[in-house]
Amino acid sequence: MSHQVLCFEPQTRVFQFVLSAFDIGLPCRACPAGDCAAWCPLYRKVKMPDVDVHSGGCQCGAVRYETTGQPSKTAVCHCRYCQTRTGSAFGISVYFPTQAVTQLHGALKDYAFTTASGGTFTTRFCTNCGTSVFWNLTVFPELTGIAGGTFDPPSFWYELKREVFTRTQAPFVQIDAIEKFETSAAFCPVQADPTHLRGE
Ligand SMILES: [Zn+2]
Ligand SMILES: [Zn+2]
């Protein structure tokens, strides 16, 4: 049946046919295990039209998540933790209330360390491909950070509010966030980082 392979084609006649297939309870075999509710953005869009839902996941696809609503905070972070966590010049932090983030499937491994401010930074990455997907900071106990590049296309749907830790910004990076901070409001150092993570 043609509906089995075309569920990601919106706004076509096939789209209408897919909806008919959903409506009569047929599984869509384009999605793993026919689990359209977990995988198919089209399915969610149709079935939950009033909810602002975004999905994403790791590079290999094992870890998948979805968020509801708008993020509480967004920032580009030039700190050494984000530079080493990503292997890039900066991290993109998209924070949601933890209850607005649902991990649909996939295995995560946690790595926790103590920050210069004395808090705990727990990064959560895919055990298969190593993508850094989530993190939690004790300084923001109600929030879960999501790595901004892991959202499904169009990945950068959220508004970027600020840049933090510009003290370690790469000289070739230019970002036009409205607010820029040399460190961040939550930064309150009580101990020195190891040499490779030092920001000064
Ligand atoms: Zn993965
Ligand atoms: Zn950072």
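The values are calculated or read from the model by the stated rules, or taken from the named source; none is laboratory data. Computed from a predicted model, the values in this text were never measured in an experiment. Note that each Cβ is placed from the backbone with ideal geometry, even for glycine, and that neighbours are counted across all protein chains shown.
The table below gives the values:
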| quantity | calculated |
| --- | --- |
| Residue check, residue 172 over 17 Å from residue 54 (Cβ atoms) and modelled with pLDDT of 95 or more | yes |
| Any hit, the range 174-181, residues being within 16 Å of ligand 1 (Cβ to nearest atom), closer than 19 Å to residue 199 by Cβ and touching a Lys or Arg at 6+ places or on another chain (Cβ under 7 Å) | no |
| Subset of the range 65-80 (residues that are within 9 Å of residue 96 (Cα to Cα) and among the acidic types (Asp, Glu)) | none |
| Any hit, the range 108-118, residues being of a type in the set (A, V, I, L, M), at negative phi and in a loop (DSSP other than H, G, I, E, B) | yes |
| Qualifying residue in the range 90-99 (condition: assigned by TED's automatic domain parsing to the domain that holds residue 193, at pLDDT 95 or above, among the aromatic types (Phe, Trp, Tyr) and surrounded by fewer than 19 Cβ atoms within 10 Å (Cβ to Cβ)) | no |
| Any hit, the range 169-181, residues being over 22 Å from the mean Cα position of the chain (by Cα) and under 13 Å from residue 75 (Cα atoms) | yes |
| Residue 143 being surrounded by 17 or more Cβ atoms within 10 Å (Cβ to Cβ), of a type outside the set (D, E, K, R), touching a residue at least 24 places away in the same chain (Cβ under 8 Å) and assigned by TED's automatic domain parsing to the domain that holds residue 77 | yes |
| Among the residues listed as 122, 183, 150, the single one being surrounded by fewer than 20 Cβ atoms within 10 Å (Cβ to Cβ) and more than 12 Å from ligand 2 (Cβ to nearest atom) | 122 |
| Answer residue from the range 73-107, given it is in a loop (DSSP other than H, G, I, E, B) and out of contact with any Lys or Arg (no Cβ under 7 Å at 6 or more places or on another chain) and is nearest to ligand 2 (Cβ to nearest atom) among those | 79 |
